[in-house]
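Read through the structure below, which is laid out as structure tokens, and then see the notes.
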């Protein structure tokens, strides 16, 4: 199955991410033929809250949306809270919406989208504790396994990973774009 051959997918995260929310989508997109790249505020390696460690491929300050076809934002409270305070990471995430490229976000990963100011008029799901922040950022929040809104794929928790991964691969493969109703 190589429906994503030639596609480049950025994963934006830092320490204290939810391990399965990196490893499971990473495997899904690479199994489908995409090249995955780990982007983080600092070079070196990052470690998830359950111990998964992975080498950073590119610093947020050096990353360009132009080099990627899609973005995946894993969750984890510490990861998401740190990323939303990093200006380069916020700008990198915002650029995918400005360039109408697919974005997939799970659990607490949606926090960075509130800071990127890209949720106005969007329908999204997340870990329930983010509901107020996302609504205040202009989104309509729903409690569903997976939501797709013009190339923006969102899910709530690791329990939703099978549906999240399938929709992520599908949206990248179809070329549906965040912010564009093609």
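The values are calculated or read from the model by the stated rules, or taken from the named source; none is laboratory data. Remember, predicted model here, so these are calculated numbers, not experimental data. For neighbour counting, all protein chains shown are included, and Cβ atoms are generated from backbone atoms with ideal geometry for every residue, glycine included.
Laid out as a table, the results:
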item: Filter result for residue 113 (surrounded by 24 or more Cβ atoms within 10 Å (Cβ to Cβ) and free of Cβ contacts under 8 Å to residues at least 24 places away in the same chain); result: no
item: Matching residues, region 116-163, being under 16 Å from residue 94 (Cβ atoms), modelled with pLDDT of 95 or more and either crowded, with 16+ Cβ neighbours inside 10 Å or in contact with a strand residue (DSSP E or B) (Cβ under 6 Å, 6 or more places away or on another chain) (or both); result: 116, 118, 119, 122, 124, 134, 137, 139, 152
item: Qualifying residue in region 140-163 (condition: in a helix (DSSP H, G or I) and more than 26 Å from residue 31 (Cα to Cα)); result: no
item: Residues (surrounded by fewer than 18 Cβ atoms within 10 Å (Cβ to Cβ), part of a loop (DSSP other than H, G, I, E, B) and in contact with a strand residue (DSSP E or B) (Cβ under 6 Å, 6 or more places away or on another chain)) located in region 38-83; result: 43, 57
item: Test for residue 106: is it buried (at least 24 other Cβ atoms within 10 Å of the Cβ), in contact with a strand residue (DSSP E or B) (Cβ under 7 Å, 6 or more places away or on another chain) and touching a residue at least 40 places away in the same chain (Cβ under 8 Å); result: yes
item: Residues satisfying the stated conditions in region 116-126, i.e. more than 14 Å from the chain's Cα centre (by Cα) and not in a strand (DSSP E or B); result: 117, 120, 121, 122
